[in-house]
Amino acid sequence: MSKLSQVGNVAQVLLEVRGNIAHINFDHVAARNAMTAHMYQSLKTICESIAKDPRVRVTILRGVGGKSFVSRSDIAQFASFHDGQDGIRYEQGIDVYLAPLATLPIPTIAVIDGMAVGGLAIASCCDFRISTPGAKFGLPIAKTLGNCLSVGKIAWLADHLNINIVKRMLLLTEMISAEE
């Protein structure tokens, strides 16, 4: 069993390898598993490690607490932004952090309990997405923060979900149910 986490803080990404299965858990329950920059870096490092481990045959990603897979990026970290370029750099960085997950050479499964809002990008990097009946998916970033996703992330979501659903989530800020 191996674990990687942020020491001294509740916001962490945990890795546990049991047999041939890697379990990645997002643990920031107080913020509905909102991702900090450190959590994104941990996810990148974990995925790079899994890619080099021949024992691992599948990876399962899940949010801790049962209410949210990953709700969003933790917006508290945006307080240090000075202008729009900081937001652009942040979004481009997220693309870099998610690339090792998207290119893992083994099957990946996102198990979604509750909300996958900011976590929708993470879930869409996975080969399979399994959700509980009450799960909700969305991209309310334009409404809540007044900014947008990177062009690459929008293209990725459109390719892996459905362009019409992505438009509804991004332009209309609609939350889409798991049933839909």
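The values are calculated or read from the model by the stated rules, or taken from the named source; none is laboratory data. Bear in mind that the values here come from a model prediction, so they are computed numbers and not experimental data. Cβ placement follows ideal geometry from the backbone for every residue including glycine, while neighbour counts extend to all protein chains displayed.
Among the listed residues ILE50, ILE130, ILE122, ILE60, identify the single one that is closer than 23 Å to ILE176 by Cα, part of a helix (DSSP H, G or I), touching a strand residue (DSSP E or B) at 6+ places or on another chain (Cβ under 9 Å) and modelled with pLDDT of 90 or more.
Criteria check complete, one pass: ILE122.
So which residues in region 12-46 are surrounded by 22 or more Cβ atoms within 10 Å (Cβ to Cβ), in a helix (DSSP H, G or I) and of a type in the set (Gly, Ala, Ser)?
The one that is surrounded by 22 or more Cβ atoms within 10 Å (Cβ to Cβ), in a helix (DSSP H, G or I) and of a type in the set (Gly, Ala, Ser): SER42.
For region 85-92, state whether one or more residues are surrounded by fewer than 17 Cβ atoms within 10 Å (Cβ to Cβ), without any contact (Cβ under 8 Å) to a residue 12 or more places away in the chain and polar (S, T, N, Q).
Yes, the conditions are met somewhere in region 85-92.
Every residue, every condition in (1) surrounded by fewer than 21 Cβ atoms within 10 Å (Cβ to Cβ); (2) closer than 25 Å to ASP53 by Cβ; (3) touching a helix residue (DSSP H, G or I) at 6+ places or on another chain (Cβ under 7 Å), yes or no:
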| residue | (1), (2), (3) |
| --- | --- |
| SER80 | yes, no, no |
| ASP83 | yes, no, no |
| LEU98 | no, yes, yes |
| ASP113 | yes, no, no |
| ALA121 | no, yes, yes |
| PRO140 | yes, no, no |
| GLY152 | yes, no, yes |
| ARG168 | yes, no, no |
| MET175 | yes, no, no |
